[in-house]
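Undergrad: Following this message is one structure expressed as structure tokens.
The values are calculated or read from the model by the stated rules, or taken from the named source; none is laboratory data. These numbers were taken from a predicted model, which means no experiment stands behind them. Each accessible area value is taken on the protein alone, full model and side chains, heavy atoms only, with ligands, DNA and RNA left out. Shrake-Rupley method; radii C 1.70, N 1.55, O 1.52, S 1.80 Å.
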Amino acid sequence: KNEVEQSPQNLTAQEGEFITINCSYSVGISALHWLQQHPGGGIVSLFMLSSGKKKHGRLIATINIQEKHSSLHITASHPRDSAVYICAVLKTSYDKVIFGPGTSLSVIP
Amino acid sequence: EPEVTQTPSHQVTQMGQEVILRCVPISNHLYFYWYRQILGQKVEFLVSFYNNEISEKSEIFDDQFSVERPDGSNFTLKIRSTKLEDSAMYFCASGGNTQYFGPGTRLTVL
């Protein structure tokens, strides 16, 4: 069983829609990352969370440690948000990152 | 802002050849990592490196793979005799609780 799961696997949205991507994990963690990967492959870190909620521009990430669940929200989605969004966790500080399978988002004008 | 860099961005090689992928981590970081992503699959951990030695490695990281920090700045991944299935994107990362990822090297084995 995968230690990090994401849903949905694929998501198509109209420009302007509010988007939610979910992540659940089965292990104790010290931190959770949300990452973005564009075609061409580079990985960009969006957020690192250990509790609560963080906001950056139109992106909001939340985490519920007790429920082992995190969500990434995108408000007022735009075609340039089209990418793969990856949830990834660290069990302990300085540990390897365990990656989820990614959610492929396509925002249509 | 400091960043992790990787060279080359794309490497094409013949099966059986040796390749060396290079990474320059962020200068004050002490922990270094290599990850791999086969096309269409999720990113997988290969190896972590601290204090000039491997701290953890995955099942993927067999005897064909080695890592080295040959000087104070570079961190390299060597694949001794490449196989077709080694074709993937290879990411270097440095840091600790927050890991900073390089842009990746796309390795194509023909």
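Undergrad: Between the chain alone and the structure with every protein chain in place, find the residues of segment A:67-104 that drop at least 30 Å² of accessible area; heavy atoms, 1.4 Å probe.
TA: With the partner chains in place, segment A:67-104 has these residues losing at least 30 Å²: A:Tyr94, A:Lys96, A:Val97, A:Phe99.
Undergrad: Could you state the per residue volume, in Å³, of the convex hull enclosing the Cα atoms of chain A?
TA: Convex hull volume per residue, Cα atoms: 96 Å³.
Undergrad: Ok, one more. Interface B/A, total buried accessible area with a 1.4 Å probe, nearest 100 Å²?
TA: So the buried area, both faces added, is about 1600 Å².
Undergrad: Still on this structure, I have one more. What residues does segment B:39-56 have that are buried by at least 30 Å² of accessible area in the full protein assembly compared to the chain on its own, 1.4 angstrom probe?
TA: So the qualifying set is B:Lys42, B:Val43, B:Phe45, B:Glu56.
Undergrad: At a 1.4 Å probe, what is the % contribution of carbon and sulfur to the accessible area of chain A?
TA: Of all accessible area on chain A, carbon and sulfur atoms account for 51 percent.
Undergrad: Same structure again: Which order do B:Lys83, A:Lys53 take when ranked by solvent-accessible area (1.4 Å probe, heavy atoms of all protein chains), largest first?
TA: A:Lys53, B:Lys83
Undergrad: Round to a whole number: what % of the accessible area of segment B:17-91 belongs to carbon and sulfur, probe 1.4 Å?
TA: 44
Undergrad: Among the lysines in the protein assembly as shown, how many pairs, 8 or more places apart or on different chains, have alpha carbons under 21 Å apart?
TA: Lysine pair count for the protein assembly as shown: 22.
Undergrad: Moving on to the next point. For segment B:65-97, list whatever residues lose no less than 10 Å² of accessible surface once every protein chain is in place, relative to that chain by itself, with the probe at 1.4 Å.
TA: Correct list: B:Met89, B:Phe91, B:Gly96, B:Asn97.
Undergrad: Can you list the residues, at least 5 places off or on another chain, whose amide H is less than 5 Å from the amide H of A:Glu17, using H built in the peptide plane?
TA: A:Ser77
Undergrad: While we're here: Over the residues of segment B:36-110, compute the C-alpha Rg and express it relative to 2.2 N^0.38 Å.
TA: 1.10
Undergrad: Hey, what D do you get for the protein assembly as shown in µm²/s if you plug the Kirkwood alpha-carbon radius into Stokes-Einstein at 20 °C and 1.002 mPa s?
TA: Calculated translational D: 119 µm²/s.
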